[in-house]
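Asker: One structure coming up, written as structure tokens, with questions to follow.
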Amino acid sequence: MVNTPYKKLKLNIQEIIAKKRDKLELTKEEIEYFINGYTKGEITDYQAAALIMAIYINGMNDRETTDLTLSMAYSGTQLDLSSLGEVVDKHSTGGVGDKITLILMPVIASLGIPVAKMSGRGLGFTGGTIDKLEAIHGYNTNITVEEFMENVKKIGISLMGQTLNLAPADKKIYALRDTIACTDSIPLIASSIMSKKIAAGANKIVIDVTCGSGAFMKTREEAESLARIMTAIGKLANKETVCIITPMDEPVGYAVGNTLEVIEAVDILKNKYMPKDVKNIIEELGANMLMLAGKVSNLNEGKNLILENIKNGKAYQKFLELVENQNGDISYIENTDKFEKAKYIVPIVAQKDGTIVQLDALTIGKLSCYLGAGREKKEDDINPRVGFVFNKKVGDTVKNGEIIGYIHSDDEAKAQEILQQEVIKIS
């Protein structure tokens, strides 16, 4: 009798690991076995880590990735948002200074589209949307699903943390990926994002696929590959999905850090200023959300509506409603000077005349994490006060001696250490 490898009547995790280690395709049943077993604690972290590493190295085809996504999505509760109407969700693959959700979702809600969004905490450069919201004094991200739904029915918007029983397999795998350096894998990123979106119950989804030094996807080709698989997964799950590729070679806007990004988002909603890159992103993502919701007939119409509701103050008023409705102190939004500041605010001074040729998102992200704005481990605390605020973007001209940004730090030695590095390149 020939001993055929990987074929037994009963599935077991060792053989599944071996198959993927040897670059073979996993069946739907094998993937479901892994997800169910790991979620229930029957498969250990070290076994899961071995399989995830094998997937990271050898990849997955579209069918495997879709099966992984759906297994993760159905590993816990699936929300039913049908009673809220046409809910269009938005997600970003992440980056540096990405405060887009804080700006865009109140805009969308102010235009009559229900916003029911669950967001996560950040691992890496800075906090996630939930960490940023929690930088607002009193804001409660830990509400029940019933409160979440009621908030949307009441004021048209609610932003909360991911509940414990929503795609629990993704939570476990996401945390494990980070600890074993397996974050930047297209099948694992796609399945993580889409499993949460499918479980979260939105009818339609717009995904901001960031691309550049500060993103998981470093090249346009990688970003397009990720966008393609996520769109395909959405179609198979009957969730109309649109992916927009946006640049992440420099930080989004001017601020990097949790409180600092909240302040910038509020200033934008107050129509004090609008960085060009932020404007481009919220126009593109927002117009596609409005198109999917049937609110507009073309993208230009959507872009105009978005800017109009920022200029007329309706988006800002909706943000105030959101904060107040989730027990946040709106006096911090009305007067952002109330936010606690870092102990040391150290200027970054141009050493020569010239043009800014690089404000590297990856470098800024790592330094922000070093200051305490991000997490290296999931249990790490975040310091909401620290980070960077820049006055310039790539392409801007500067004069010798001009202040081109500030380091916000609670550790003076760290700030001085950062000053010795070439954070901003001038040519």
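Asker: Return the total of residues in region 337-352 being within 26 Å of the chain's Cα centre (by Cα) and surrounded by fewer than 17 Cβ atoms within 10 Å (Cβ to Cβ).
Answerer: Qualifying residue count, region 337-352: 2.
Asker: Can I ask one more? For region 142-164, which positions are in contact (Cβ under 8 Å) with a residue 40 or more places away in the chain and among the β-branched types (Val, Ile, Thr)?
Answerer: Selection gives ILE143, VAL145, VAL152, ILE155, ILE157, THR163.
Asker: Within region 214-257, track down each residue that is over 15 Å from ILE193 (Cα atoms) and either out of contact with any helix residue (DSSP H, G or I) (no Cβ under 8 Å at 6 or more places or on another chain) or basic (Lys, Arg) (or both).
Answerer: Hits for region 214-257 are LYS218, THR219, ARG220, GLU221, GLU224, ASN238.
Asker: Please go through region 19-64 and pick out each residue that is in a helix (DSSP H, G or I) and basic (Lys, Arg). It would help to see each step written out before you state the result.
Answerer: First, the residues of region 19-64 that are in a helix (DSSP H, G or I): 19-21, 28-40, 45-58, 62-64.
Hits for region 19-64 are LYS19, LYS20, ARG21, LYS28, LYS40, ARG63.
Asker: Any residue in region 335-361 that's over 20 Å from LEU371 (Cβ atoms) and modelled with pLDDT of 95 or more: show its pairings with residues that are among the hydroxyl-bearing types (Ser, Thr, Tyr) and surrounded by 13 or more Cβ atoms within 10 Å (Cβ to Cβ) at Cβ separation under 8 Å, as long as the two are six or more apart or on different chains.
Answerer: LYS338/TYR332
Asker: Among the residues that make up region 274-284, is at least one of them under 23 Å from GLY405 (Cα atoms), touching a strand residue (DSSP E or B) at 6+ places or on another chain (Cβ under 7 Å) and crowded, with 18+ Cβ neighbours inside 10 Å?
Answerer: yes
Asker: Kindly indicate whether any position in region 411-422 is surrounded by 20 or more Cβ atoms within 10 Å (Cβ to Cβ), closer than 25 Å to ASP277 by Cα and not assigned by TED's automatic domain parsing to the domain that holds GLY257.
Answerer: no
Asker: For ILE136, only one of the following conditions fails: (1) in a loop (DSSP other than H, G, I, E, B); (2) buried (at least 20 other Cβ atoms within 10 Å of the Cβ); (3) at pLDDT below 90. What is its number?
Answerer: In the conditions (1) in a loop (DSSP other than H, G, I, E, B); (2) buried (at least 20 other Cβ atoms within 10 Å of the Cβ); (3) at pLDDT below 90, ILE136 misses (3) alone.
Asker: Please work out if VAL152 is of a type outside the set (Lys, Arg) and under 23 Å from ASP170 (Cα atoms). I'd like the intermediate steps shown before the answer.
Answerer: Working: of a type outside the set (Lys, Arg): yes; under 23 Å from ASP170 (Cα atoms): no.
So VAL152 does not fit the description; no.
Asker: What about ASP89, is it in a loop (DSSP other than H, G, I, E, B) and in the same structural domain as MET274 (by TED's automatic domain parsing)?
Answerer: Considered against the rule, which asks whether it is in a loop (DSSP other than H, G, I, E, B) and in the same structural domain as MET274 (by TED's automatic domain parsing), ASP89 comes out as no.
Asker: Considering each residue of region 368-427, count those that are hydrophobic (A, V, I, L, M, F, W, C) and part of a loop (DSSP other than H, G, I, E, B), and give that number. So that I can check it myself, show each step before the final result.
Answerer: We begin by selecting, within region 368-427, every residue hydrophobic (A, V, I, L, M, F, W, C); these are 369, 371, 373, 382, 386, 388-390, 394, 398, 403-404, 407, 413, 415, 418-419, 423-424, 426.
Those still in the list that are part of a loop (DSSP other than H, G, I, E, B) too: 373, 382, 386, 394, 423-424.
Total meeting the criteria: 6.
Asker: Say we look at region 46-63 and pick out the residues that are in contact (Cβ under 8 Å) with a residue 40 or more places away in the chain and out of contact with any Ser or Thr (no Cβ under 9 Å at 6 or more places or on another chain); which of these is farthest from GLY156 (Cα to Cα)? Outline the logic, then answer.
Answerer: Kept after step one, since they are in contact (Cβ under 8 Å) with a residue 40 or more places away in the chain, are these residues of region 46-63: 48-49, 52-53, 55-56, 59-60, 62.
With the extra rule that they be out of contact with any Ser or Thr (no Cβ under 9 Å at 6 or more places or on another chain), the set shrinks to 48, 53, 62.
On the way: ALA48: 40, MET53: 42, ASP62: 36 Å.
Among those residues, the one meeting the criterion is MET53.
The values are calculated or read from the model by the stated rules, or taken from the named source; none is laboratory data. Small disclaimer: the values here were computed from a predicted structure and weren't measured. No Cβ is skipped: glycine too gets one built from the backbone with ideal geometry, and neighbour counts run over all protein chains shown.
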